[in-house]
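Okay, so here's the structure we're looking at.
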């Protein structure tokens, strides 16, 4: 597992609380959705509750595409796969 890398995240648009990001990582979907994976993104990108992340993950950075919704509680970020 590589872990969160700020250079792999791109802000696509929006305003705080309604931002859209694309995140590409060699980590698998399970790692990317783990609690705390995006904690540093709260500081790097002002990732906040309600923000949406399109996560392209896996060895080719395209093995899985998951739509995630972030929840930020005092800098601790959890993500939930959107249904």
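Side notes on the structure shown:
- Residue that is within 16 Å of residue 6 (Cβ to Cβ) and either out of contact with any strand residue (DSSP E or B) (no Cβ under 9 Å at 6 or more places or on another chain) or touching a residue at least 12 places away in the same chain (Cβ under 8 Å) (or both), where the choices are 63, 27: 27
- The stretch 50-63: number of residues that are farther than 16 Å from residue 11 by Cβ and either surrounded by 14 or more Cβ atoms within 10 Å (Cβ to Cβ) or out of contact with any helix residue (DSSP H, G or I) (no Cβ under 9 Å at 6 or more places or on another chain) (or both): 6
- Test: residue in the stretch 37-46 that is assigned to a loop (DSSP other than H, G, I, E, B) and under 10 Å from the mean Cα position of the chain (by Cα): yes
- Among the residues of the stretch 6-24, those that are within 23 Å of residue 73 (Cβ to Cβ) and part of a strand (DSSP E or B) comprise 9, 11, 14, 15, 18, 19, 20, 21, 23.
Conditions tested, residue by residue: (1) within 22 Å of residue 83 (Cβ to Cβ); (2) surrounded by 13 or more Cβ atoms within 10 Å (Cβ to Cβ); (3) out of contact with any strand residue (DSSP E or B) (no Cβ under 9 Å at 6 or more places or on another chain); (4) modelled with pLDDT of 95 or more.
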| site | (1), (2), (3), (4) |
| --- | --- |
| 5 | no, yes, no, yes |
| 13 | no, no, no, yes |
| 18 | yes, no, no, no |
| 32 | yes, yes, no, yes |
| 35 | yes, no, no, no |
| 43 | no, no, yes, yes |
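- Residue within the stretch 69-76 that is in a loop (DSSP other than H, G, I, E, B), more than 11 Å from the chain's Cα centre (by Cα) and either buried (at least 16 other Cβ atoms within 10 Å of the Cβ) or without any contact (Cβ under 8 Å) to a residue 60 or more places away in the chain (or both) present: yes
The values are calculated or read from the model by the stated rules, or taken from the named source; none is laboratory data. Since we're looking at a predicted model, the values are computed, not measured. In this analysis, Cβ positions are derived from the backbone assuming ideal geometry, glycine residues included, and neighbour counts consider all displayed protein chains.
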